[in-house]
Amino acid sequence: MIAMTFKRINSKSDIILRAANLFSTSFILGALYMVDIVAQPAIGREIVLEDRSLLIAFDSRSGALTRLEDKTARWTIERRPDLGISFRMFAPLPERRWNPILGQKQQAVEVKKISEHDIRLQWKNLVSENGGILPISLVADVTLTNGVLTFNASLQNDSALTVETIDYPYFGDFNSSSRESTNMMAVWTMQRSNVDHLAPNEIYPHFRNEKGYWGVFWPTKILDANLSPFCLIQSPDKGVYVGVDAARSPYSLRYTFEQHPGVLSGINSLVPSKDVIDGKPVHLEFRVCHLIFEKPHSTIKLVPIIARCYQGDEHAGGDIYKQWRPTLPQ
Amino acid sequence: MNSIAMCLSRPARMLIVGVICSIAVLMSPPASADEIVLQDGQMLAAFDNDSGALVRLENGPAQWVADHRPDLSIPFRLNMFSPGQKHDFVYCDKHHAVEAQKISAREIRLQWHDLVDDHGQPLPISLTADVTLTNGALMFAMNVANSSSQMIESIDYPYLGGFSEAPEGVPLTVKHMWYGNLPSEEISKKPGVQSKQSLFCLVQSSNTGLYVEMHDPTQPYLLNFIFDRRSLTSSSNSPTRTEFHTSHVAYVHPNSTVTLAPVLMKFYQGDWHAGVDLYKAWRMTWFKQPHLPSWIQDVNSWQQLQICSPEQDYRVPYTNLITYARQCADNGVNAIQLVGWNHWGQDGGDPAQDIEPGLGTWQQLHDFIAQSQAKGVKIILFAKLNWADLTMPWYTNELYKYECADPNGKRYEQGGYQYFTPTQLANIGVHRRAVMDFCDPAYRDVANKEFEKILALGSEGWLWDEVCHHSTVLYNYASGHGYNPPGYIYHGDLSLSAQLRAAADKVSPDFLFSGEGPEDWLCQYFPCSYFRINADSVPVCRYIDPQEPLMVSVTGFDDREMLNLILMDRYMIEYEPYNFKGYLEDFPLTLAYGKKIDALRRKYKEYLWDATFQDTLGARVTADGSSRYSVFVTATGKRAVVVVNMEFSKSIIAKVELPHPGKLVTATPENPNAHAMHSPLKIPARSAVVVMEQ
């Protein structure tokens, strides 16, 4: 049944599918996963949400998150627009599991500021890498209220495929507040379900790979949001709080960090200190992965993701969670 | 958990399901017991003539008494195995040796008959031990005659009941070989050392050590080297102490006799080099040097390239591989370790060695291999024969017959490996595998048949990934595998390797066998070993064999640190851009420096490639920053010292001291022409200097 439905979709999109198949069997396929060099839609103008403490911008064509600034700390967190990414999904085909849907290859049908505090983004008929165009829609609302960003999204899957995962929001160029090697940045998460027991995991200047090297291109860290409903991306005196309402989530979530294109040396795991090495951009990707396993012809509202900046150390970040935690149902 | 249970809770514990009857002989203080002594200028070993227990072990020159508590002495311990019953650890109070006598100036014979377990039940088991002392080496041999109806699972012998602190008072560490390294751990942390990784361990103090060896390189069964901390709350009856024994997991069947692998102990003076020297001397008596093709003996480098995974990414079709080979040829890289070329990619579909249709046809892969090798770039096909992918019909239909099972009859599994997608990286949908039984001749034939598919593709060699282990499995307890179970899986490694080598020899004796960190005895069949190192890795394999083709991965985008260590330890370079998923020229900084290092090694081949590696022996280097060094000695006795500045951002000043040096010159990868050495040496950050004696 799934295969038959897929065939129908295929015939509707024959030209694009042929192009996709040609692409998939071409020399370029060797670098398919290397998002760094994937062609992106031309960069459009910026659509901006801004208040006294925060600025966030999206590309009007791709819907990619292109800029994030902590105005209070004068910290440009997302800096280079060309490294901005909107989202990523995986929707395996019946006969082939490898079928990513890369945000970099999508044109947004809507990137619109619908109020002073709210931007709506919409993508439809998504181009997948090996399955042609798929009737999947993603509608995202980003709101900024008193320095707090909320990423809401819903996914409508009218395809015959299961959408296993979606990475959203997606920061393609998450910058440390300083490239000085003494300026350590770490991800702090809760240990043993105790907000007063936080543990760091360094991401700058050292980034040690924590996934099997055989199965990743780049040094990667993946932290389970179900074990820590927030993570703090912490520079010495400031940080970004990213929270999920994992307790109420019907599915599993992960915080994922990838250091592109890699580290200087396997001995010291140092991140290159310049913007470019060997002609390749040096950048940290951070995204929240929703493991939704969304069935064909269904719709899901994603768990909202909260992001906000704060001044101080990890205790200040933990305090944000403490303030929010009482709102959880008992 | 009692102390014996704690002891067995280490790796041996996984072996034990069912009833285990443990017979230990704990001696009362032998106030009037006479000792039987073996002694030479290097060692003294004394045995209680009543119990036969080893009561003293002394190192003459270093005044180190390794075993010094006669009241804690234990002659041996048996663990009985009775399937179908619950765990039961049973002690016996005392056994007397029926014979404990010195039968020559250097040999003692000990015998124990008609043992009695803790329930008072007689066990018709006889143990006969011969202990010989030759030039400071104490050899413990034992014959076990089991006339009982129960299986003896393991025999703990020899047994040092009161292992003392080192003479210098420093914490004792134990070291053993594993994965191109010599990992070290304090014995107070009860490290688990097993013969499946290393035939010896070194109990090391700062400048003295005890070498303990399983004196049989054929892996007849598992020998555990066990350090057990006893009685953390000390009392007069049970003082805090460390026990040390070797545990022979020999599975002596009812009504059978087994000769155990001898255990050798010898003290040495010095650090780990002196201990490993003892192993090297013994190794020369049994290690069969394998044939090596000439190209691997010369300075050479490889690239590793993965082209497909179980997530069906089909990243590099066979017809596009030639672009990778061209880059290798253009940059003087001699070989490509090709990964994921087989059906379902890396870690999918094992042990099948068919081509992956998603990547192209058999002919396309075959033709690429021929084209690449015509350009001088050898293709080394990556494969694994250890596992059976549980998701494959072949497993369901046939391969289950050869899988290893635990004592409860349940399948052992290896957890599989995660690839690329968030789903797999969350450990969902990973291809788990059954563990194949290499002791089963029928499976060896299956593996051989798959291996012949590799040979048919015309590559210059293959690399067996994970050749060094069988996941958590030690023994297969299932019947119907061509032997009386349980079968020690690692014992099958050599048999299968020999069978595969014979198949390859029919094609070409030059067909290269390489593997991921093969244990030293497996290097007789897998002479080319690749592994990963860190800043503190000990080049023990290089120290054992100065010319063995040992290859180390380089992954960083400007990986001078790794390349300098590779120069220092005479490893081959394996380039792995994007964790071996990219083009060689994806990391030009690393590639350029690697090429300079290989050029330097070609220019000074006599010093840096053909010479004998001595690690740090023979020179002394001090510096005002973090540094490492190694010493090479040429066939004509000239010396070279490679000094590496491990500092990331500062130069160091290093002083190189060579006894009675000749004229010294220096060269570096960046400045390969030799210049007279100016002492002390100034070495820039992240750099290496070679000092050579003219």
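Any read-out appearing in this document is the output of simple, stated calculations on the displayed coordinates, not a laboratory observation. All figures in this text were calculated on a predicted structure; none of them were measured in a lab. Cβ atoms come from the backbone with ideal geometry, glycine included; neighbour counts cover every protein chain shown.
Going by how many other Cβ atoms sit within 10 Å of their own, how do B:Ile652, A:Ile233 line up, fewest first? The partial results should precede the final answer.
Details: B:Ile652 21, A:Ile233 26.
Neighbour counts put them in this order, fewest first: B:Ile652, A:Ile233.
Given +1 on the Cβ of Lys and Arg, -1 on the Cβ of Asp and Glu, and no further charges, what dipole in debye does chain A carry about its Cα centre, rounded to the nearest 20? Write down the numbers at each step before the final one.
Numbers: 36 positive and 35 negative charges, 149 e Å.
Using Cβ point charges on Lys, Arg, Asp and Glu, chain A gives about 720 debye.
Where the eigenvalues come from the Cα gyration tensor of the stretch B:598-694, what are the semi-axes √(5λ) of the equivalent ellipsoid, largest first, in whole Å?
On the way: eigenvalues 78, 43, 29 Å².
Its equivalent ellipsoid spans semi-axes of 20, 15, 12 Å.
Fewest to most neighbouring Cβ within 10 Å: what's the order for B:Arg532, B:Arg411, A:Arg287, A:Arg96?
Numbers: B:Arg532 19, B:Arg411 13, A:Arg287 23, A:Arg96 16.
Going from sparsest to densest Cβ surroundings: B:Arg411, A:Arg96, B:Arg532, A:Arg287.
Counting residues in the protein assembly as shown as N, plug N into 2.2 N^0.38 Å and put the Cα Rg over that result. Write down the numbers at each step before the final one.
Numbers: Rg = 31.7 Å, N = 1024, 2.2 N^0.38 = 30.6 Å.
That ratio works out to 1.04.
Tell me, A:His315, B:His470, B:His660 in order of fewest to most beta-carbon neighbours within 10 Å? Intermediate values should be presented prior to the final figure.
Working: A:His315 13, B:His470 24, B:His660 5.
Listed from fewest to most nearby Cβ atoms, that is B:His660, A:His315, B:His470.
Under a point-charge model restricted to the Cβ atoms of Lys and Arg (+1) and Asp and Glu (-1), what is the dipole moment magnitude of the protein assembly as shown relative to its Cα centre, in debye to the nearest 20? Working shown, then result.
Values: 92 positive and 111 negative charges, 443 e Å.
The calculation lands at about 2120 debye.
Is there a pair in B:Lys102/B:Lys280; B:Lys266/B:Lys605; A:Lys221/B:Lys682; A:Lys112/A:Lys301 whose C-alpha atoms are over 28 Å apart, and which pairs would that be?
Values: B:Lys102/B:Lys280 31 Å; B:Lys266/B:Lys605 37 Å; A:Lys221/B:Lys682 38 Å; A:Lys112/A:Lys301 20 Å.
Pairs exceeding 28 Å: B:Lys102/B:Lys280; B:Lys266/B:Lys605; A:Lys221/B:Lys682.
How far apart, in nm, are two points set 7 Å out from the Cα along the Cα-to-Cβ line at A:Ser178 and at B:Ser206?
Simple spin-label model gives 4.2 nm for this pair.
Roughly what would the spin-label model give for B:Lys102 and B:Asn673, points 7 Å off Cα along C-beta, in nm?
That separation, rounded to one decimal, is 7.1 nm.
Which value, in nm² and rounded to one decimal, describes the direction-averaged projected area of the C-alpha convex hull of chain B? Intermediate results must be reported in sequence, preceding the final value.
Numbers: hull surface 127.5 nm².
So the mean shadow area of the Cα hull is 31.9 nm².
Please find the FRET efficiency linking B:Gln694 to B:Lys453, where r is the Cβ-Cβ separation and R0 is fixed at 51 Å, and quote it to the nearest 0.05. If you can, show how the numbers build up before the last one.
Details: r = 53 Å, r/R0 = 1.03.
So the FRET efficiency works out to roughly 0.45.
Can you give the mean number of other chain Cβ atoms that lie within 10 Å of the Cβ atoms in peptide B:581-591? Before the final figure, lay out the partial values.
Details: counts 10, 6, 2, 0, 1, 7, 5, 3, 4, 5, 1.
Average per residue, whole number: 4.
Counting only residues 5 or more places away or on other chains, whose amide H sits under 5 Å from the amide H of A:Tyr204 once H atoms are built in the peptide plane?
The list, which skips near neighbours in sequence, is A:Met185.
Nearest 0.05, what FRET efficiency do A:Glu50 and A:Lys295 give at R0 = 45 Å with Cβ-Cβ as r?
On the way: r = 39 Å, r/R0 = 0.86.
After rounding, the FRET efficiency stands at 0.70.
What is the sum of charges, Lys and Arg at +1 and Asp and Glu at -1, for the other residues whose Cβ falls under 12 Å from the Cβ of A:Val109?
Numbers: positive: A:Arg61, A:Lys112, A:Arg120, A:Lys124; negative: A:Glu110.
Around A:Val109, the surrounding residues sum to +3.
Just counting partner chain Cβ atoms within 10 Å, what average do the residues of peptide A:90-100 show around their Cβ?
So the per-residue partner count for this stretch is 5.
Could you give the size of the charge dipole of the stretch B:214-344 about its Cα centre, using +1 on the Cβ of each K and R and -1 on the Cβ of each D and E, expressed in debye and rounded to the nearest 20?
Values: 9 positive and 9 negative charges, 66 e Å.
Here the size comes out at about 320 debye.
Which three extents, in angstrom, do the Cα atoms of chain A have along their principal axes, listed largest first?
For chain A, the Cα spread along each principal axis is 56, 47, 40 Å.
Could you list the residues of the stretch B:518-551 with an amide nitrogen less than 15 Å from a label point located 7 Å from the Cα of B:Leu617 in the Cα-to-C-beta direction?
Of the residues in the stretch B:518-551, B:539-547 have backbone N under 15 Å from the label point off B:Leu617.
With the cut-off at 24 Å, tell me which of the pairs B:Lys384/B:Lys595; B:Lys375/B:Lys596; B:Lys581/B:Lys603 have Cα atoms farther apart than that.
On the way: B:Lys384/B:Lys595 30 Å; B:Lys375/B:Lys596 22 Å; B:Lys581/B:Lys603 31 Å.
Pairs exceeding 24 Å: B:Lys384/B:Lys595; B:Lys581/B:Lys603.
Using 0.36 nm times the number of residues separating B:Lys655 and B:Lys189, minus their current alpha carbon distance, what extension gain do you get? Provide the component values of the computation, followed by the final result.
On the way: separation 466, 0.36 × 466 = 167.76 nm, distance 3.69 nm.
Additional length available on full extension: 164.1 nm.
How far, in nm, would the chain grow between B:Asn255 and B:Arg602 when pulled straight, counting 0.36 nm per residue and subtracting the alpha carbon separation?
On the way: separation 347, 0.36 × 347 = 124.92 nm, distance 6.14 nm.
Here the answer is 118.8 nm.
From the phi angles alone, apply the Karplus equation (6.51, -1.76, 1.60; θ = phi - 60°) to the stretch B:627-644 and give each ³J(HN,Hα) in whole Hz, x where the residue is Gly or Pro.
Once rounded to whole Hz, the list reads 8, 9, 8, 9, 10, 10, 10, 7, 4, 9, x, 6, 10, 10, 10, 9, 10, 10.
With Cβ to Cβ distances under 12 Å as the rule, what net charge do the other residues near B:Asp465 carry (K, R +1; D, E -1)?
On the way: positive: B:Lys384; negative: B:Asp347, B:Asp350, B:Glu466, B:Glu516.
Value of the local net charge: -3.
Provide the net charge surrounding B:Gly480, with neighbours chosen by a C-beta distance below 9 Å and charges set as Lys +1, Arg +1, Asp -1, Glu -1. Could the numbers behind the result be given before it?
Details: positive: B:Lys401; negative: B:Asp440.
Surrounding charge for B:Gly480 is 0.
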